[in-house]
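The values are calculated or read from the model by the stated rules, or taken from the named source; none is laboratory data. It should be emphasised that the depicted structure is a prediction, and the values quoted were computed from it without experimental measurement. No Cβ is skipped: glycine too gets one built from the backbone with ideal geometry, and neighbour counts run over all protein chains shown. Note: accessible area is taken over every heavy atom of the protein model, side chains too, but ligands, DNA and RNA are not part of it. Shrake-Rupley method; radii C 1.70, N 1.55, O 1.52, S 1.80 Å.
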Amino acid sequence: MNTLFHKIGAFLTAVRVWAINIFTLVVLIALVVMISNVLRSMPGKVDPAGKVLIVDPEGTILDQEAFSSDPGLPLLRLAEESVIQTRDLVKLIRVAAADEQLAGVLIDFSKTSFAGPTTALEIAGELAALRESGKPVIAFSEALTTGSYLMAAQADEIYLHPSGAVAITGLGGYREYTREMTDKLKITMHNYSQGDFKSAVESRTRNDMSEPDRLQRKEFYGPIWEAMKAAMARARGLEPEIFQAMANAHPLTLFQEASYSSLEDAEAQGIIDGRKSYPDFRAYMIERFGKDEDEEEKETYPHIGWQAYAAQIPPEEEAAEDAVAVVFVQGAISPGPQGPGVAGSHDIAALLRKAHEGKDTRALVMRVNSPGGSIIASDMIRDEIVAARAKGLPVLVSMGDVAASGGVWVSTPADAIYAEPTTITGSIGVAVAFPTFENSFEHIGVNFDGVTTSDNAGWSPVLPVNETLDSYFARWAGTAYERFLSTVATDRDKELEYIRSIAGGRVWVGSRALDLGLVDAMGNMEQTIAAAANRAGLADYRVDYVVKEPPPYLALLRAFRQGASLDISSSYRAFGAQVARLIGLLEGINKPTATVMCTECMVELL
């Protein structure tokens with residue numbers, strides 16, 4: 001019998017080894033095929049002379065690409081949305097504007113998202129300058145929403161598919177308020193947030209929007225929306241009220257096809273120039289720019305893709321010895337490493353140190369595009385700014401789409417803070433809210449008992465908050481808030497009570513923040529870098545972007561995604577987004593946390 005089991009075991013082991021070997025062989029073959037496809041599909045150098053440059057980026061435009069150091073699951077990495085760095089796209093557009101060989105430019109931003117309205121307005125400004133260069137700029141899309149129309153408006157002509165849509169919706173939205181649900185579940189919510197306008201946690205502590213939050217949202221949404229309408233109207237030679245009426249009449253982005261009434265209204269009012277099917281548009285482009293005689297398989301106009309064009313742009317010469325170093329704080333500020341959407345303080349502090357210790361560094365610019373986050377993580381970043389200034393280096397901050405709460409915390413030690421009129425900043429306050437479940441467990445018959453050597457040892461959110469703990473949590477949040485106020489007051493050279501009067505967690509738009517003394521000047525990142533160089537007395541300098549280097553696996557995965565046409569379903573991404581949302585709703589259950597986070601500061605362009 002033992003011999004029989006031994007033989008069966010040996011057979012199963014052999015089968016397992018063969019199965020693993022076969023699987024490994026299949027994987028290796030797949031990798032070889034993918035790499036071969038990538039190499040074959042890599043475009044060669046294309047002469048842009050006489051061609052139409054097609055600019056149709058897919059993905060998110062933001063300041064700096066971010067990635068995780070941990071490969072994790074390959075599918076998760078492959079599912080990450082493509083990122084286009086703002087400075088790379090700006091460079092492409094400027095080179096195209098100066099390129100006299102190009103016959104024209106075709107733009108389509110319908111599959112592009114933006115870090116925020118400020119980034120969108122910057123790209124729109126660059127497209128307007130491209131149009132002013134004299135070469136024809138044409139926009140063609142299947143459908144246009146607020147952000148993509150802002151880009152299309154900068155073109156000489158705008159055409160849409162006859163079964164598409166124009167959905168200019170404006171800004172704003174709704175969020176869930178869960179207090180009634182937690183009451184029904186007998187969950188007790190404790191809120192120790194500091195500042196009447198600090199609404200980061202009110203969706204869990206209220207059933208509706210507070211009046212302070214409603215007020216501040218109106219006051220920062222308004223100027224941003226007015227700036228966007230003005231940019232659209234200026235480009236099309238129309239009045240801004242036309243776009244307000246369009247947003248009121250055709251408000252939904254749900255219907256991005258077969259919205260015939262929106263297309264008719266848009267064409268009648270001059271918002272678009274016409275409707276063309278793909279064959280009609282192709283014929284129009286051939287009639288205007290000629291037929292591509294080098295294309296043997298299909299009839300089309302001479303064109304070059306923006307990736308191929310960008311790959312041929314020569315790198316800027318960096319002959320200057322002196323450098324202005326730029327470090328990015330992008331995403332929610334958190335202890336640990338950087339990653340997509342996460343401004344990891346350990347990595348950023350290391351990059352700041354590398355920047356201010358660089359032998360060629362003569363000035364430092366920190367670009368902040370963050371709604372804030374962890375207090376200790378914010379302080380870790382702040383410490384390196386203080387260290388840089390102690391060396392005598394000029395340090396300037398450039399605020400992007402949003403630099404609020406913790407984004408302000410890390411910014412105030414700088415010599416000067418630059419923001420843009422539509423930057424969202426302020427939100428000087430502290431968010432602390434967490435649930436306890438004593439009533440929930442009592443309701444289902446679960447009780448807790450034990451022995452401790454002190455009054456509150458072993459406390460967790462399954463137990464009630466007694467008077468001692470209540471007093472402690474209130475003092476804890478209050479102390480953090482007072483520290484925030486005094487830090488801003490000292491760094492901005494303002495009276496404490498003045499800062500208190502404009503704090504309270506209130507959000508301000510950049511132009512208003514300038515009036516209040518929270519920032520020093522209006523200007524984008526490029527202007528901030530120039531100002532830093534001027535403070536350092538530099539007539540000739542280079543810009544060093546001090547960033548986290550991508551791991552080797554990332555290039556390979558991207559090549560697979562692009563070259564092998566690997567499809568990651570939208571439902572997979574949607575599932576991940578819902579999981580992240582659920583985690584956000586349950587945040588704070590494990591332990592109470594005080595943060596300097598401004599969740600109300602994120603403005604999404606649809």
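Set the bar at 23 Å for Cα to Cα. Now go through Lys51/Lys276; Lys198/Lys494; Lys91/Lys218; Lys135/Lys291 and name every pair that lies beyond it. The pairs that break the limit, which is 23 Å between Cα atoms, are Lys91/Lys218. As a rough guide to protection, the peptides 505-513, 96-104 ranked by mean Cβ packing within 10 Å, highest first, stand as 505-513, 96-104. What the range 164-309 shows is 54 Å² of accessible area per residue, with the surface traced by a 1.4 Å probe over protein heavy atoms. Taking packing as the residue-averaged number of other Cβ atoms within 10 angstrom, the listed peptides 419-426, 323-330 run from highest to lowest as 419-426, 323-330.
Find the accessible area per residue for the range 436-540; the probe is 1.4 Å, ligands and nucleic acids are left out, and the unit is Å². It amounts to 57 Å² per residue over the range 436-540.
Of the trypsin sites (Lys or Arg not before Pro) in the range 84-160, the ones in a loop by DSSP (not H, G, I, E or B) with at most 16 other beta carbons within 10 Å are Lys111.
The trypsin sites (Lys or Arg not before Pro) of the range 320-411 that meet both conditions, a loop assignment by DSSP and at most 14 other Cβ atoms within 10 Å of the site Cβ, are Lys359, Lys391.
Ranked by the mean number of other Cβ atoms within 10 Å per residue, highest first, peptides 404-413, 428-437 order as 404-413, 428-437. Of the solvent-accessible surface of the range 383-469, computed with a 1.4 Å probe and all protein chains present, 51% belongs to carbon and sulfur.
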